[in-house]
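Take a look at the structure below.
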Amino acid sequence: MKYHIVTYGCQMNKNDSERIESLLDLSGHQKDSENNADVVIINACSVRGRVVDKIMGKVNNLSKDKTLILTGCVLPKDKPKLIDKFDHILDVEDLPLWGKKLNFLKSFEKDDYFSIKAERKKPIAHVPIMTGCDNFCSYCAVPYVRGRERSRPVEEILKEVKHLIEKDFKEIWLLGQNVNSYNKGNSPDFSDLLVEINQIPGDFWIRFTSSHPKDFSKKLIKAMKECDKVPEYLNLPLQSGDNDVLKLMNRPYTREDYLRIVNDLRKELPEITISTDVIVGFPGETEKAFKNTLKLFEEVRFDMAYIARFSPRPHTKAAKMEEIIPEEVKKEREKALTEVLKKTALEKNKKKIGKKIRYLTLKYEDGIDIGKTSCYKTIKVASSDKDIGNFKKAKIINANHFGLEGALL
Ligand code: SF4
């Protein structure tokens, strides 16, 4: 049988698609194009608006002789609209049960798909450590589609990471909607997990996403400092630098809490690179409130930020809020934050000139290595050595807003 997977959504969904792919390969099926496939699996995400239309459009364009399967984060309210279009609607969490429901999947052991997955996309691997979310940020539909937080057992995670390291993976991303509330803070918590993974022999980096400021403890900062395999990079979503907006967003921390975490981090890890996620134009974000976010950007001096203009997600509280901010104002706010970001990122990157830095090669194009540094900056280095997926060292010779240029050492 030939299959094709269409993926919408975040890194967690992409990872789920990899697991599905592994299962199908394990059952002896071949990946093929959308047109040639006998089975098309849509791994969807209706967290973002208009996805139902997108799925409908995709399905209507496919020839009628294919078996169609829908899985992923689909809001219960959206499922009735799609039920007639698909042969199966399956929960991705039930992957081990799929074999029983579909006669084209054999039964399998969990370890089998770890090993098949491990043949793919070197040198970076994504390992889910928890899924779901209990936070109910007012703009986010994840808790409704992925359900409540569930953490994977430590032993299972360690086994998967060891396996990936044996297969020569160099960068392990620990994934979850709220990784630092792993095990709800009970023992072993996320800091303990980092320490355990750090003890696995081998030369590799451990990265993680997403973190929530409310669960960011001093114990975690200490673990990050002590674990030599955790590079000096962190994404810490801010979402807003204004306390009233944070309350409206149901984010239970203040701008002062956020600044305290950043100070604590920089005290222990002076070289740390910090990126963030922020939403502009959230309903009720006044000019004064936005200025607070802008001010915080100037104070923290982020290296990178993912700036999103607010757009309502179906079924969330924020979608029903009335103080709508015009699109033009959102664009202006996005521009203002981008200007600050460009300035601080450039200044920080320029400070790296002359320093020696370790990087992981990800691509090779026209005599240039393109990789990511330990501090998660894109780096370009002239090299005659085409191999990718290895660590190399370079001296930084140039810097721009969001990247570095190095000379191979
Ligand atoms: S913590 Fe993240 S996943 Fe959870 S509700 Fe908030 S934004 Fe959504």
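Given a 10 angstrom Cα cut-off, can you work out which residue in 254, 286, 131 is the most mobile in a GNM of the chain?
Answer for the Gaussian network model of the chain: 286.
So between residue 53 and residue 196, what do we pick up on full extension, going 0.36 nm a residue minus the alpha carbon distance?
Values: separation 143, 0.36 × 143 = 51.48 nm, distance 4.43 nm.
Between residue 53 and residue 196, full extension yields 47.0 nm more.
Taking every DSSP beta bridge that has both residues in the chain, what percent is antiparallel when rounded to the nearest 5? Intermediate values should be presented prior to the final figure.
On the way: 24 of 65 bridges.
The antiparallel proportion sits near 35 percent.
Provide, in order from the shortest bin, the percent of all Cα-Cα pairs of region 121-231 in each 5 Å bin, continuing until the bin that contains the maximum pair distance.
In order of increasing distance, the bins hold 2, 12, 23, 25, 18, 11, 6, 2, 0 percent.
What's the carbon and sulfur percent of region 2-111's accessible surface, probe 1.4 angstrom, rounded to a whole number? All intermediate terms of the calculation are to be shown ahead of the outcome.
Working: 2490 of 5480 Å².
Within region 2-111, the accessible surface is 45 percent carbon and sulfur.
Using +1 on the beta carbon of Lys and Arg, -1 on that of Asp and Glu, and nothing else charged, what's the dipole of region 2-111 about the Cα centre, debye to 20?
On the way: 18 positive and 17 negative charges, 82 e Å.
For region 2-111, the charge dipole is close to 400 debye.
In this model, which of 225/342; 14/85; 162/342 are farther than 31 Å apart at the alpha-carbon?
Long pairs (Cα-Cα over 31 Å): 162/342.
Counting only protein heavy atoms and a 1.4 Å probe, tell me what percentage of region 356-408's accessible area is made up of carbon and sulfur. Write out the running numbers ahead of the final one.
Values: 1260 of 2600 Å².
C and S atoms contribute 48 percent here.
Dipole of region 368-409, Cα-centred, from +1 at each Lys and Arg C-beta and -1 at each Asp and Glu C-beta, to the nearest 20 debye?
120
Work out the charge dipole of the chain with +1 on the Cβ of Lys and Arg and -1 on the Cβ of Asp and Glu about the Cα centre, then indicate which of 17, 293, 388 is farthest towards its positive end.
293
Taking the dipole about the Cα centre of the chain, with the C-beta of Lys and Arg at +1 and of Asp and Glu at -1, give me whichever of 73, 173, 29 is farthest to the positive side.
So the residue furthest toward the plus end is 173.
Excluding ligands, DNA and RNA, what is the solvent-accessible area per residue of region 121-231 at a probe of 1.4 Å, expressed in Å²? Mind dumping the intermediate values first?
Values: 4320 Å² over 111 residues.
Heavy-atom accessible area per residue stands at 39 Å².
So which residue, out of 194, 259, 175, gets the largest mean-square fluctuation from a GNM of the chain using Cα contacts under 10 Å as springs?
Highest fluctuation among the options: 259.
If you put +1 on each Lys and Arg Cβ and -1 on each Asp and Glu Cβ, how big is the dipole of the chain around its Cα centre, in Debye rounded to 20?
Values: 73 positive and 62 negative charges, 149 e Å.
About 720 debye.
I need the semi-axes of the equivalent ellipsoid of region 255-375: take the C-alpha gyration tensor, multiply each eigenvalue by 5, square-root it, list largest first in whole angstrom.
Values: eigenvalues 208, 71, 38 Å².
Its equivalent ellipsoid spans semi-axes of 32, 19, 14 Å.
How far apart, in nanometres, would the label points at residue 33 and residue 342 be if each is projected 7 angstrom from Cα along the Cα-to-Cβ direction?
4.0
Would you mind telling me which residue in 168, 53, 244 has the biggest mean-square fluctuation in a Gaussian network model of the chain, where springs connect alpha carbons within a distance under 10 angstrom?
53
Select from region 60-105 those chymotrypsin sites (Phe, Trp or Tyr not before Pro) which occupy a DSSP coil region and have at most 13 other Cβ atoms within 10 Å, ordered by residue number. Working shown, then result.
Working: sites: 86, 98, 104; in loops: 86, 104.
Hits after loop and neighbour filter: nothing returned.
With n ≥ 4 as the cut-off for DSSP H runs, can you work out [θ] at 222 nm for the chain, using -39500 (n - 2.57) per run divided by the number of residues, rounded to the nearest 500?
Values: 13 runs with 139 residues, N = 409.
Result for the chain, helices only: -10000 deg cm²/dmol.
If the reach is capped at under 21 angstrom between alpha carbons, list the lysines near residue 106, excluding any in the same chain fewer than eight residues apart.
Hits, sequence-local ones excluded: 2, 31, 66, 117.
If you roll a 1.4 angstrom probe over the protein chains with everything in place, what fraction of the accessible area of region 234-322 belongs to carbon and sulfur, to the nearest %? Kindly include the intermediate steps, with their values, before the conclusion.
Working: 2050 of 3910 Å².
Solvent-exposed carbon and sulfur of region 234-322 make up 52 percent of the total.
Give me, ordered by chain and number, the residues 5 or more places off residue 355 or on other chains with an amide H under 5 Å from its own placed amide H.
Correct list: 396.
Which value, in Å², gives the accessible area per residue of region 1-100 when a 1.4 Å probe is used on the protein heavy atoms? Provide the component values of the computation, followed by the final result.
Working: 4690 Å² over 100 residues.
That works out to 47 Å² for each residue.
Please list the non-local residues whose amide H lies under 5 Å from the amide H of residue 233, H modeled 1.01 Å from N, same-chain partners needing a gap of 5 or more.
273
Considering the Cα positions of the chain, please state its Rg to one decimal place and its Dmax as a whole number of Å.
For the chain, the Cα radius of gyration and maximum Cα-Cα distance read 22.2, 61 Å.
The values are calculated or read from the model by the stated rules, or taken from the named source; none is laboratory data. Keep in mind the model is a prediction, meaning the values are calculated, not measured. When we count neighbours, we look across all protein chains shown, and the Cβ atoms used for this are built from the backbone with ideal geometry, even at glycine. Quick note on the areas: whole protein, heavy atoms, side chains included, nothing else; ligands and nucleic acids left out. Shrake-Rupley method; radii C 1.70, N 1.55, O 1.52, S 1.80 Å.
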